[in-house]
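To start, the structure under review is shown below, and the notes come after it.
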Amino acid sequence: MNTFKAIIVKEEQDQVIYGIEEVNLDTLSTGEVLIKVAYSSVNYKDMLAVQKNGGVIRNYPMIPGIDLSGTIVHTTDTRYKEGQKVIVTGFAMGMSHTGGFAEYARVPADWIVPLPMNLSLKDAMVFGTAGFTAALSIQALEANGMKVNNNPRILVTGSTGGVGSIAVQILSKIGYKNIFALVRKKHQAEVAKSLGATNVIYASELGEQNKPLNKQNYDFVLDTVGGEIASVLIPQISYGGSMSMCGNAGGIKLVSTVLPFILRGINLLGIDSVNVPINNRGSIWEKLADEWNISQTTLINEISLDELPHTIESIKNGQHLGRTIIKY
Ligand SMILES: NC(=O)c1ccc[n+]([C@@H]2O[C@H](COP(=O)([O-])OP(=O)(O)OC[C@H]3O[C@@H](n4cnc5c(N)ncnc54)[C@H](OP(=O)(O)O)[C@@H]3O)[C@@H](O)[C@H]2O)c1
């Protein structure tokens, strides 16, 4: 290959702009493994990456894209071999290291997860960082007492977004029967139910803000929104319950008192998908490939690299549903 297609984000005259360019291997960051990218996926963070002051890209020009799946075409690390199918998500990809929105990527060998046997390259990106994060959130909640047999009331916020929609589907697949989906638009209610939610709650119905303690409506909350939504929910978690927190789509400011923590013993569980140690990643991907695999029922838009700006706009405008994957 002499040249290949990549999205390049640049800073020009104080503006951040992006578009497709023909580039060569010299454009890629360094690493031991060169991958022919098969699929990437579009996440909330990728939308932020192409905004001015988005806080994701550290140096321009940059190829964005925090996720990829593909086939190794060259490796200087003997743990891997040419032709091997792999997944890479997070770390510095698409931030300070060229990412998945290109036909080729070069990454450090220590960032690579071998594709599990029961997962296709396409399905790996149906999950992508969103699915990986949903899985981390469920794992954290289960480690803190969430059990199918106890029939807990679980609320998922941002339930029709990338992380939330996969979380609702996994929870439903593994047998939870009391799944509350938080939505804020009417048309999202049917979508949430089709994903497996048993009840739908509108953000406008969440109740009073600034109440230090409120009616104990939920045993566990899987939060992807943060901000006011998370603040209103903390006082509604029942005694001994937990909230996992992975996102800031609704803002970064959390307003709380100590009372839910010291009077009800609730737990706030921070979730980070970006720097999960490589040795802990394989087991999560195996779960996604196997007992938590909902890739066949996920709401997917499959696009080409040229269609990326449209998807970025829909995420920015709150019109995006489910998962969008890029096929190369
Ligand atoms: N910690 C990590 O490692 C990690 C990993 C992945 C994602 N994240 C974060 O998790 C969040 C979700 O990511 P995603 O990829 O699922 O994004 P997404 O597909 O854009 O979904 C965001 C969801 O949040 C909802 N939402 C946004 N603002 C809201 C508000 N003010 N009130 C109620 N709902 C609101 C959206 O609803 P509408 O459709 O109505 O707008 C949508 O359902 C993002 O903040 C992302 O950065 C973090």
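Just one of (1) within 16 Å of the ligand (Cβ to nearest atom); (2) among the acidic types (Asp, Glu); (3) open to solvent by 10 Å² or more (accessible area, probe 1.4 Å) fails for ASP219. It is (1).
With a requirement of 2 or more residues that are away from the ligand (no atom under 16 Å from the Cβ), the strands (runs of 3 or more DSSP E) lying completely within segment 94-206 that satisfy it span 104-107. Could you please tell me which pairs satisfy a Cβ distance under 7 Å, a separation of 6+ or placement on different chains, a first residue in segment 304-328 that is assigned to a loop (DSSP other than H, G, I, E, B) and at pLDDT 95 or above, and a second residue that is open to solvent by 60 Å² or more (accessible area, probe 1.4 Å) and more than 8 Å from the ligand (Cβ to nearest atom)? Here the result reads SER304/LYS327, each pair linking segment 304-328 to a residue that is open to solvent by 60 Å² or more (accessible area, probe 1.4 Å) and more than 8 Å from the ligand (Cβ to nearest atom).
Report yes if VAL276 is hydrophobic (A, V, I, L, M, F, W, C), open to solvent by 70 Å² or more (accessible area, probe 1.4 Å) and under 24 Å from MET146 (Cβ atoms), otherwise no. The answer is no for VAL276. Specify the residue that is nearest to ILE252 (Cα to Cα); the eligible residues are those in segment 6-51 that are free of Cβ contacts under 8 Å to residues at least 40 places away in the same chain and assigned to a loop (DSSP other than H, G, I, E, B). Restricting to residues being free of Cβ contacts under 8 Å to residues at least 40 places away in the same chain and assigned to a loop (DSSP other than H, G, I, E, B), the top hit is ASP14. Which of the residues spanning segment 122-166 are among the β-branched types (Val, Ile, Thr) and surrounded by 21 or more Cβ atoms within 10 Å (Cβ to Cβ)? Residues satisfying the conditions are VAL126, THR129, THR133, ILE138, ILE154, VAL156, THR157, THR160, VAL163, ILE166. Here MET245 fulfils each of the conditions (1) within 14 Å of the ligand (Cβ to nearest atom); (2) open to solvent by less than 40 Å² (accessible area, probe 1.4 Å); (3) touching a strand residue (DSSP E or B) at 6+ places or on another chain (Cβ under 6 Å) apart from (2).
The values are calculated or read from the model by the stated rules, or taken from the named source; none is laboratory data. Predicted model, so just to flag it, every value in this text is computed and none were measured. Note: ideal-geometry Cβ built from the backbone for every residue, glycine included; neighbour counts use all protein chains shown. Please note that ligands, DNA and RNA were not included when accessible areas were found on the heavy atoms of the full protein model with its side chains. Shrake-Rupley method; radii C 1.70, N 1.55, O 1.52, S 1.80 Å.
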